[in-house]
Amino acid sequence: MSLRIREIVDRQILNGIKLVAGASGAENSVLWVNVMEILDTPDSLQKDELLVTTGYQLANEKRYSDLIQKLERRGISGILIQLGYYVDDVPDYIIREANRLRLPILTIPPHLTFSAIMHILIDEIQRQTAAQEDESTKKLLPLLKKQMEQNQPPKELPGYVFVAIPAPDRQVPPKELQEGINRISSYLYSQAAWYIQSQLPDGKTAFYLNLAEKNTIQDVIFELTILLTFLSEEQKISYYVGEYDLEDSDDLEKSFFAAAKCCKALEQIGAKRGVFRSKNMSFFSIFSSFHQNGEEILRSQRPELQKLLDYDRTHSTHYVHTLRVYLAHEGSQAKAASRLFIHRHTMAKRLEKICDLGDWDLEDYYTRTYLSLCLMLHDYYGV
């Protein structure tokens, strides 16, 4: 059973939370959380999302007189307003409309940061999601356990659990699904010192591996993201991949379901494909809100990146990949050249060409951050 508004209040999942209006909608499900301080883009919200806001200018009834109607039409779970910043109490017109349309309004005092609120709620959503994991996905776990019992991994190396699940964008024939899994497994195997996998006929696959000494988990996640983008765009096969770093005290079952939850989180934030690392939960919750509210801005302001993508397609070059690796290694030409297996002079010449094509200054921190976000939106959402 999914998390409900009433449960959040009754269990005081957030200390001091109150249900002040729309009580007849308290059985609404909460499948994700969206933060929005300025409430001017309600059309970006998705069904069963809980909207978290400080209520900026919410006292202006003329400006927001139809807000509750718009949000109710979007099918959101409810609104959580943090008092004490812009409003001390929920305005009467909001309470009146929320009661009429059965849209729950929750309040919380200003003792929790938005980051803490997101952490608590998303952790609870995922905990309940894990309890009702898809039966098909569950069938992977005993297969993986059996493999582990028959082939003991080296204990001196850190372990990583991956779960790959086909993204629900369209029906893909089994032969194509297998082709996608073969590409994913071939890549992971090439990076591993020790490796096993278990697979179901529907394309869902679990992996356990120890990395070869020369490889880092950051590079593997990064390059696997690129592979999934390629599979989705070139071969129309889309996968979600979740990853969990196995600690000494962690058991395989916990790690498996944590990785599976990451796949579910990718679906919940509306990604078309991608890799979700459990350690990056906070970033992805913010990234999801950024995508929903900032996508059109980036679409209109990234013609240079599109020019680079088009140049690669026309000339069979690899400038976008070079840029990705350079950004992923914190702007270090030496580290990027080493990962790409090219000479540093070749790396420098490629970056010079990239700067010319895009009219960018890659020495500038904000330019690098902007390009990183553009590439991530392209990889996860196809923007």
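Quick notes on this structure:
- Among the residues making up region 119-140, those that are within 12 Å of Ser282 (Cα to Cα) and at pLDDT 85 or above are Ile120, Leu121.
- Selection status of Glu213, modelled with pLDDT of 85 or more, loosely packed, with under 12 Cβ neighbours inside 10 Å and of a type in the set (D, E, K, R): yes
- Every condition in (1) part of a helix (DSSP H, G or I); (2) in contact (Cβ under 8 Å) with a residue 60 or more places away in the chain holds for Val33 except the one numbered (1).
- Any chance Gln126 is under 27 Å from the mean Cα position of the chain (by Cα), under 27 Å from Ser238 (Cβ atoms) and surrounded by 12 or more Cβ atoms within 10 Å (Cβ to Cβ): yes
- Among the residues of region 49-96, just one is hydroxyl-bearing (Ser, Thr, Tyr) and buried (at least 22 other Cβ atoms within 10 Å of the Cβ), namely Ser77.
- Count of region 327-349 residues which are part of a helix (DSSP H, G or I) and either among the β-branched types (Val, Ile, Thr) or farther than 19 Å from Ile217 by Cβ (or both): 9
- Subset of region 189-211 (residues that are touching a residue at least 60 places away in the same chain (Cβ under 8 Å) and either of a type in the set (S, T, N, Q) or out of contact with any Leu (no Cβ under 8 Å at 6 or more places or on another chain) (or both)): Thr205
- One residue from Asp169, Asp219 being within 22 Å of the chain's Cα centre (by Cα), modelled with pLDDT under 95, farther than 20 Å from Asp245 by Cα and surrounded by fewer than 18 Cβ atoms within 10 Å (Cβ to Cβ): Asp169
- Scanning region 222-248 for residues that are without any contact (Cβ under 8 Å) to a residue 40 or more places away in the chain and assigned to a helix (DSSP H, G or I), we see that the one that is nearest to the chain's Cα centre (by Cα) is Glu223.
- Residue ID - farthest from Glu27 (Cα to Cα), chosen from residues in region 80-95 that are touching a residue at least 40 places away in the same chain (Cβ under 8 Å) and not in a loop (DSSP other than H, G, I, E, B): Ile94
- Test result for His315, under 22 Å from Glu233 (Cα atoms), of a type outside the set (Val, Ile, Thr) and touching a residue at least 12 places away in the same chain (Cβ under 8 Å): no
The values are calculated or read from the model by the stated rules, or taken from the named source; none is laboratory data. Keep in mind that this is a model prediction, so the values were computed, not measured. Neighbour counts are summed over all protein chains in view; Cβ atoms, including those assigned to glycine, are modelled from backbone coordinates with ideal geometry.
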